[in-house]
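**Student:** Sharing a structure here in structure tokens format.
The values are calculated or read from the model by the stated rules, or taken from the named source; none is laboratory data. Since we're looking at a predicted model, the values are computed, not measured. Note: ideal-geometry Cβ built from the backbone for every residue, glycine included; neighbour counts use all protein chains shown.
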Amino acid sequence: MSPYQNESSLLIDSFADRALGNAIANERLASALLFFGPDGVGKWLGALSLAAYLNCAKRDDSGDEPKTVFGGFCGECPACRQIFSGTFPDLHLVFPTPTAKSQKERNEFDSQFLLTKNENPLNAVRWPGNSGISIDRARAVKSKLSRKPNPGAYRVVLFYQVEKMLAQAVDSLLRMIEEPPENTLFILSSSRPEAVIETARSRCQRLRFPTQSIERISSYLQDSVGLNASRAETVSRLAQGSPGRALEIANEMEAPQDDKALSREVGWLTLKAVFLESGPSALQILSRSVDLRNRSAVETLISMWEDYLRDLILIQQGLPAQVANVDLAGDMQKLAPAVQAGPALYALFDKFTTSRVNLRQHVNAQLALTDLSMAIREVARR
């Protein structure tokens, strides 16, 4: 079974699935779609699943029931196999990569991206430094579209993370979607649709990919990843509705943790749980997320929490540009209103010092972390 068939169960019966099924059944599918929603909720998965549905040789169009687009492809015919491997001649994938110094390096970036997505379409691709969609990539697609698609094929062009398209490449995109060739579908995918140029957004039918419930992500992690029920529930609570983020967290939590290698993601999300979850739930998440027998891992977690609280104070003071954890600044902005400002928050730093001293004096690690968590919860707004 293709990973796309397995993971597509997360999207079946969603609003996007029903809307696309109705549009195809009524022959009203727009020539340009904007898939939007948070990172890791299945926009890449949805785009390739739609491409497979449109080109599947075994697709069943009989009956009057609404079509299940994201589960309606066979996954076995030549078109499906080629689409999910990224080799279908009439599927054009445009995605952000770092600036390449040579064609060989560009090919390596492309291969790395596609390998990550082929392992699991929900996987995030993280590049060190900046990445973007260059004008060369847009021009290359435009050149390919000047040729007719193969007989019987429905051509699909995916601009993934289109908000990262460089300004000089946008004109090429606009010209393509303004005058689409026959049997050609453009899909623009973005986690920040407000950052997509308005002239492009206005030409697209918009389809939102929402976050998933804790229960649905937990079930997916148990069935597809093999996590036990307890671990799956914990990861699902930390994932904030994103199956892709859940996969990242699950992998990070399985990795060996020492004083230099505790996941920043797990560190931040456990701190959020302490602020936002009920007391017992927060402690349960902590005990499942961190090996409390590993004193150095607990000490590293405490140091991370202290670092994040400093940044939260800066945000409360209106100084977001000075935060150390720039990648988490947006999430911290959302958490800041849930944290009381003032002396009680500043006094927490003495608690951090006490917790470290206790750990080094061989106080039970779970007891030290529980005591610190309770102190942190005292400054949470309720």
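For every residue, the table says whether it meets (1) out of contact with any Ser or Thr (no Cβ under 8 Å at 6 or more places or on another chain); (2) free of Cβ contacts under 8 Å to residues at least 24 places away in the same chain; (3) part of a loop (DSSP other than H, G, I, E, B).
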| position | (1), (2), (3) |
| --- | --- |
| Asn118 | no, no, no |
| Asn123 | no, no, yes |
| Arg126 | yes, yes, yes |
| Ala138 | no, no, no |
| Ser143 | yes, yes, no |
| Pro149 | no, no, yes |
| Ala153 | yes, no, yes |
| Leu158 | no, no, no |
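**Student:** Right, here's the next one. For the list (1) at positive phi; (2) touching a Leu at 6+ places or on another chain (Cβ under 9 Å); (3) not hydrophobic (A, V, I, L, M, F, W, C), I need the number of the one condition that Lys67 fails.
**Tutor:** (1)
**Student:** Taking the condition of being at pLDDT 85 or above and either over 26 Å from the mean Cα position of the chain (by Cα) or surrounded by fewer than 17 Cβ atoms within 10 Å (Cβ to Cβ) (or both), how many residues in segment 156-173 meet it?
**Tutor:** Result for segment 156-173: 0.
**Student:** Scan the helices (runs of 4 or more DSSP H) fully inside segment 202-278 and keep the ones with 3 or more residues being at pLDDT 85 or above and touching a helix residue (DSSP H, G or I) at 6+ places or on another chain (Cβ under 6 Å).
**Tutor:** Qualifying helices (runs of 4 or more DSSP H): 214-220, 229-238, 264-276.
**Student:** Separate question: Before we move on, is Phe109 surrounded by fewer than 22 Cβ atoms within 10 Å (Cβ to Cβ), modelled with pLDDT of 90 or more and either touching a strand residue (DSSP E or B) at 6+ places or on another chain (Cβ under 7 Å) or outside the structural domain of Ser189 (by TED's automatic domain parsing) (or both)? It would help to see each step written out before you state the result.
**Tutor:** Working: surrounded by fewer than 22 Cβ atoms within 10 Å (Cβ to Cβ): yes; modelled with pLDDT of 90 or more: yes; either touching a strand residue (DSSP E or B) at 6+ places or on another chain (Cβ under 7 Å) or outside the structural domain of Ser189 (by TED's automatic domain parsing) (or both): yes.
Yes.
**Student:** Here is a follow-up. May I ask you to verify whether Ile217 is of a type in the set (A, V, I, L, M, F, W, C) and surrounded by 22 or more Cβ atoms within 10 Å (Cβ to Cβ)?
**Tutor:** yes
**Student:** A further question on this structure: List the pairs whose first member sits in segment 369-381 and is more than 15 Å from Gln340 (Cβ to Cβ), whose second member is assigned to a loop (DSSP other than H, G, I, E, B), and whose Cβ atoms are under 8 Å apart, counting only residues at least 6 apart or on separate chains?
**Tutor:** As it stands, the answer is Leu369/Val290; Leu369/Leu292, since those pairs meet every condition given.
**Student:** May I pose another question? Filter segment 317-367 down to the residues that are crowded, with 16+ Cβ neighbours inside 10 Å and farther than 20 Å from Lys272 by Cβ and list them by number.
**Tutor:** The answer is Arg356, Asn358, Leu359, Ala365.
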